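First comes the structure, then the notes that go with it.
The values are calculated or read from the model by the stated rules, or taken from the named source; none is laboratory data. Treat the numbers as computed from the prediction; the structure is a model and nothing was measured. In this analysis, Cβ positions are derived from the backbone assuming ideal geometry, glycine residues included, and neighbour counts consider all displayed protein chains. Remember, those area values only see protein heavy atoms, side chains included, never the ligands or the DNA or RNA. Shrake-Rupley method; radii C 1.70, N 1.55, O 1.52, S 1.80 Å.
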Amino acid sequence: MGLDLIEAWSKIMGLQAKRLGYNYEVRNANFSTSAGVQILTQILNEDPKPDVVVVHNPDVTSYAKIEKKLEDAGISVIQLNMKSLTMTTGFAGGDATVIGEMQAQAVVKHCGPDTSREVLILNGPTTAPWTVYLQTGYNNVFSKNPDIKIVARQSVGNYESSKAKSITEVTLKQHPNLCAVVGVWDIPDLGTAAAIAQAGKTGKVFLSTNGGFSDYACKAIKEDKFNNYISFNVPGQGRDVNNLIQMALQSDQKPGTLKVALYSPLRDISKADVEQGGCWSLDTVHE
């Protein structure tokens, strides 16, 4: 909790719970995988058990087995934006592989023959779904464009803006003609943009990132900090996860019998069309 997209998802889920009259509770693992496993294990052993659990996976494996156990125990599991290796009753979120392809395609288009074609790739935690699936998308595109030179692939840890900034600073010193940075997510990439600006290279180093398109992302696009932005539309994802919750609560089938994935429509946003993008803030987001 505390991150804009998670707070927005939670607000939207809470509004539906209030409207329809069911209980909604948040249990925050706070970026600790072990704490998350402990929370899910505790839920498995509770009596009475909840009907639905919405999970934000830290990586592709850590929660996979316990998600299966939750469904075997009669609890519908809905995964939100970060998908594990186990498909459960529902998934609502962006297709990170497609997002990666869209970012890479924008970089290939920008880094033509009159540039160095040097590219830095920033990742999140190594085994996080966002990292794993984005990388697949990048590789799908860059493997077909061998002229693009990947100078480094580095992790910004748990999406840390300060780490993204320091990695970009070092890379720009080592590769002063760097053409582009492929960023993992808009929050850490505010640090990436700051490093580019401090090096006097705003407008010279192309920065592609992605996110839920909240108000600070709009501002960064307008200020030329983000040159290419793939929006996965957090308010729309809140609607989708609410629809999956309603489906699970109404279904008389055993959890996991029916598996539904609702992939978010994606938008490629630039400064030219940012005003039509529909950015939001936590104050304005609604069910």
Problem - Centre separation in Å (Cα based) which lies between region 23-100 and region 183-227 - result: 31 Å
Handout entry: Radius of gyration, Dmax [the chain; alpha carbons; angstrom]
Key = 19.7, 65
Exercise for the section: For the chain, find the longest principal axis of its Cα atoms and tell me its angle to the long axis of helix 33-44, 0 to 90°, nearest 10. Expected result: 20 degrees
Fill in the blank from the handout: Sorting Met247, Phe226, Ile6 by the position of each Cα along the dipole of the chain (Lys, Arg +1; Asp, Glu -1; all at Cβ), the one nearest the positive end of that ordering is Phe226
Exercise for the section: Using the heavy atoms of the protein chains and a 1.4 angstrom probe, tell me the accessible area per residue for region 48-188 in square angstrom. Expected result: 40 Å²
Exercise for the section: List, in the order given, every pair from Lys18/Lys271; Lys165/Lys219; Lys11/Lys49; Lys163/Lys204; Lys18/Lys65; Lys163/Lys201 whose Cα-Cα distance in the structure shown is over 27 Å. Expected result: Lys18/Lys271; Lys18/Lys65
Exercise for the section: For region 17-66, list log₁₀ I(q)/I(0) at each q in 0.17 Å⁻¹, using the Debye formula over Cα point scatterers of equal strength and ignoring solvent, two decimals each. Expected result: -0.57
Problem - Segment Ser166-Leu85, length gained on full extension (0.36 nm per residue, minus Cα span) - result: 26.0 nm
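When the accessible area of region 153-221 is computed with all protein chains present and a 1.4 Å probe, what percentage of it is carbon and sulfur? List each step's numbers first, then the result.
Values: 1310 of 2520 Å².
Accessible surface attributable to carbon and sulfur in region 153-221 totals 52 percent.
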Completion exercise
Between Asp273 and Tyr216, the FRET efficiency computed from the C-beta separation at R0 = 25 Å comes out, to the nearest 0.05, as 0.90
Handout entry: Cα-derived Rg to Rh of region 159-221, Kirkwood definition
Key = 0.95
Problem - Crossing angle, helix 186-198 versus the chain [Cα axis fit, 0-90 degrees, rounded to tens] - result: 20 degrees
Handout entry: Helix-only mean residue ellipticity at 222 nm for the chain, each DSSP H run of n ≥ 4 adding -39500 (n - 2.57), per residue, nearest 500
Key = -13000 deg cm²/dmol
Practice task
Using label points projected 7 Å from each Cα along Cα→Cβ, tell me how many nm separate Leu249 and Leu20, to one decimal.
Solution key: 0.4 nm
Practice task
Run through the DSSP bridge list for the chain and note the antiparallel percent, rounded to the nearest 5.
Solution key: 10 percent
Handout entry: FRET E, pair Gln42, Lys144, Förster distance 51 Å, beta-carbon r, rounded to 0.05
Key = 0.60
Exercise for the section: With label points built 7 Å along Cα→Cβ from the Cα atoms of Ser116 and Met1, find their separation and express it in nm. Expected result: 4.4 nm
Handout entry: log₁₀ of I(q)/I(0) at q = 0.24 Å⁻¹ - region 198-284, Debye sum with one point per alpha carbon
Key = -1.12
Fill in the blank from the handout: With label points set 7 Å from each Cα along the Cα-to-Cβ direction at Thr61 and Ala152, the distance between them in nm comes to 2.7 nm
Handout entry: Exposure ranking of Glu7, Glu71 by accessible area [1.4 Å probe, largest first]
Key = Glu7, Glu71
Completion exercise
Of all DSSP beta bridges having both residues in region 109-240, the percent classed as antiparallel (nearest 5) is 0 percent
